[in-house]
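Below is one structure; the comments refer to it alone.
The values are calculated or read from the model by the stated rules, or taken from the named source; none is laboratory data. Owing to the predicted nature of the structure, the values given are computational and were not obtained by experimental measurement. Cβ coordinates were reconstructed from backbone atoms using ideal geometry, including for glycine residues, and neighbour counts include every protein chain displayed. Protein only, heavy atoms only, side chains kept; ligands, DNA and RNA dropped before computing areas. Shrake-Rupley method; radii C 1.70, N 1.55, O 1.52, S 1.80 Å.
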Amino acid sequence: MGGDAWIVIAVFVFAFVLWVSTGGPTRPISFAGPFITPITDVGDVQTGYGDQIEVGRSDTGSGSGLWSVKSVFGRFENSVGQSEDIGAVSPEAGRVRIISGAGGPSGSTADREYVALRAEADSVDITGYRLVSTKSGASVMLPQGTVAPRSGTITDIVLAKGEEAVVTTGRSPAGTSFRENKCVGYLGVTSFVPPLANRSCPPPTDELGRGYTGDASSYQECRDIVSRFPRCEARPDIPRDASTECERFIEARFNYQGCVDAHFNDSDFRGRTWRVYLNQNHELWRSDNESIRLLDPQGRTVDIYSY
C-alpha cells in the first residue's frame, strides 16, 4: 500500500476520534432528522436549535412576520422589498393572491383601473377584504355581488380554487358586482376592461330549437331568419315578413334577461371569473412605484403586490 493511502486513512481516523471526543452520537443534532428545525404552522413555536421564532411574527418584535412566513411557506407570491411594512400576517395568506403581472392598477381612468385576484384554495370569501395602498393610504372594501346581474340575490363573493376576481375601481356597466355567465355578452363586451372571459352567448339557432313553440312551417322560416343573427346581439332587426310567433320569440329570447331566464339552471351557466366594482370616481392606485396590500376583515395582510 502506497504512502498516500496511509495518509488518507490517518486523516479519517483522526476525524473519527475528534467526533467521538466532542460527543459523537450523543449530540442531539445526530438524531434530529432531515430538518434543521421542525416544520411549523402559523402560531406554532419552533423548537430546533438556536433562538425560538414564532411563525407569523418577526424575530425583531415588530409584528410584520414577512421573512419568517415567506421563507417557511412561500406565501407571498409577489416580490416585496425588505423595507416594506406589511403589518400582521393573516392566516388566510396564500389562500388568495393578487395576480402578478395583472397590469390593471395603472389604468388611466377609474373604469379602466383594476386589480386581479386568484383563489389558491376552495371557498375563499373575499367580501369584507380591503385593498390598501402602502404609498398613498387609499383604502377600499370589497363588496357583495350577484351570480347573475339584473337577476338573483346579492350575496358574498366566494371564490373556488382557481377562480378569479377582477376588481375594478369604477362603476359596473351592469349596475352591480357579478359572476360572469354564458349570457353576459348581451350586456356589451366593449363595456368591460379587461374583456369578458365569456364573450360568446348561446348560438341563435340553438336558442330557437330550445324554446320555440310555433308550428313546423313557422319554425323553419324563423330558423332561416335567426341563422343570420350574430351572437350576443340584443333585439336584432326583425324582418317585416316574420311570423307573429317568430317575432315574439326573438323579442323575448334575444336579450340578456331572456337568455338568463332560459339558461340560469344550465350546468355551464356560471363562469369562473367575478367582476367586482368599487364604485369610485377617481383612480386609487399610482401608475408606478406602488404597493397594494390585500387585507382580511381583521386588517391582517393576505398578500401584497408591488410594481
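Beta carbons closer than 6 Å, at least 6 apart along the sequence or on distinct chains, pair a first residue in region 231-259 that is under 12 Å from Tyr212 (Cα atoms) with a second that is in a loop (DSSP other than H, G, I, E, B) and open to solvent by less than 80 Å² (accessible area, probe 1.4 Å) for Glu245/Gly214; Glu247/Ile238; Phe249/Tyr212; Ile250/Ile238.
Checking the condition open to solvent by 50 Å² or more (accessible area, probe 1.4 Å), under 18 Å from Ala262 (Cα atoms), among the polar types (S, T, N, Q) and out of contact with any His (no Cβ under 7 Å at 6 or more places or on another chain), which residue from Thr205, Thr213 passes?
Values: Thr205 fails: open to solvent by 50 Å² or more (accessible area, probe 1.4 Å).
Exactly one of Thr205, Thr213 is open to solvent by 50 Å² or more (accessible area, probe 1.4 Å), under 18 Å from Ala262 (Cα atoms), among the polar types (S, T, N, Q) and out of contact with any His (no Cβ under 7 Å at 6 or more places or on another chain), namely Thr213.
Return the only residue of Tyr219, Tyr186 being open to solvent by less than 30 Å² (accessible area, probe 1.4 Å), more than 27 Å from His282 (Cα to Cα) and either assigned to a loop (DSSP other than H, G, I, E, B) or not hydrophobic (A, V, I, L, M, F, W, C) (or both). Talk me through it step by step, then tell me what you get.
Working: Tyr219 fails: open to solvent by less than 30 Å² (accessible area, probe 1.4 Å).
Of Tyr219, Tyr186, the one residue that is open to solvent by less than 30 Å² (accessible area, probe 1.4 Å), more than 27 Å from His282 (Cα to Cα) and either assigned to a loop (DSSP other than H, G, I, E, B) or not hydrophobic (A, V, I, L, M, F, W, C) (or both) is Tyr186.
Among residues of region 72-100 being closer than 17 Å to Gly162 by Cβ and either among the hydroxyl-bearing types (Ser, Thr, Tyr) or at pLDDT below 90 (or both), the one that is least open to solvent (accessible area, probe 1.4 Å) is Ile99. Determine if region 282-300 includes at least one residue that is outside any strand (DSSP E or B) and aliphatic (A, V, I, L, M). Looking through region 282-300, at least one residue is outside any strand (DSSP E or B) and aliphatic (A, V, I, L, M). Within region 278-295, the set of residues being surrounded by 23 or more Cβ atoms within 10 Å (Cβ to Cβ) and either under 26 Å from Ala148 (Cα atoms) or acidic (Asp, Glu) (or both) comprises Leu294 only.
Screening region 115-143 for residues that are within 21 Å of His282 (Cα to Cα) and of a type in the set (S, T, N, Q) and picking the one that is least open to solvent (accessible area, probe 1.4 Å) gives Ser133. Looking at region 222-247 only, could you name the residues that are over 17 Å from Cys259 (Cα atoms), assigned to a helix (DSSP H, G or I) and open to solvent by 40 Å² or more (accessible area, probe 1.4 Å)? Within region 222-247, Arg223, Asp224, Thr244, Glu245 qualify. Summed over region 113-155, the residues that are free of Cβ contacts under 8 Å to residues at least 12 places away in the same chain and touching a Lys or Arg at 6+ places or on another chain (Cβ under 7 Å) give a count of 1. Every condition in (1) under 30 Å from the mean Cα position of the chain (by Cα); (2) aliphatic (A, V, I, L, M); (3) crowded, with 20+ Cβ neighbours inside 10 Å is met by Ala160 except one, and the failing one is (3). In the condition set (1) open to solvent by 20 Å² or more (accessible area, probe 1.4 Å); (2) more than 30 Å from Cys222 (Cβ to Cβ); (3) basic (Lys, Arg), Arg275 is compliant with all but (1).
Only one residue in Gln257, Gln298 is within 18 Å of Tyr186 (Cα to Cα), surrounded by fewer than 21 Cβ atoms within 10 Å (Cβ to Cβ) and among the polar types (S, T, N, Q). Which one?
On the way: Gln298 fails: within 18 Å of Tyr186 (Cα to Cα).
Step by step, each of Gln257, Gln298 is checked, and only Gln257 is within 18 Å of Tyr186 (Cα to Cα), surrounded by fewer than 21 Cβ atoms within 10 Å (Cβ to Cβ) and among the polar types (S, T, N, Q).
Evaluating Pro149 against the criteria (1) modelled with pLDDT of 90 or more; (2) open to solvent by less than 10 Å² (accessible area, probe 1.4 Å); (3) not hydrophobic (A, V, I, L, M, F, W, C) leaves one unmet condition, (1).
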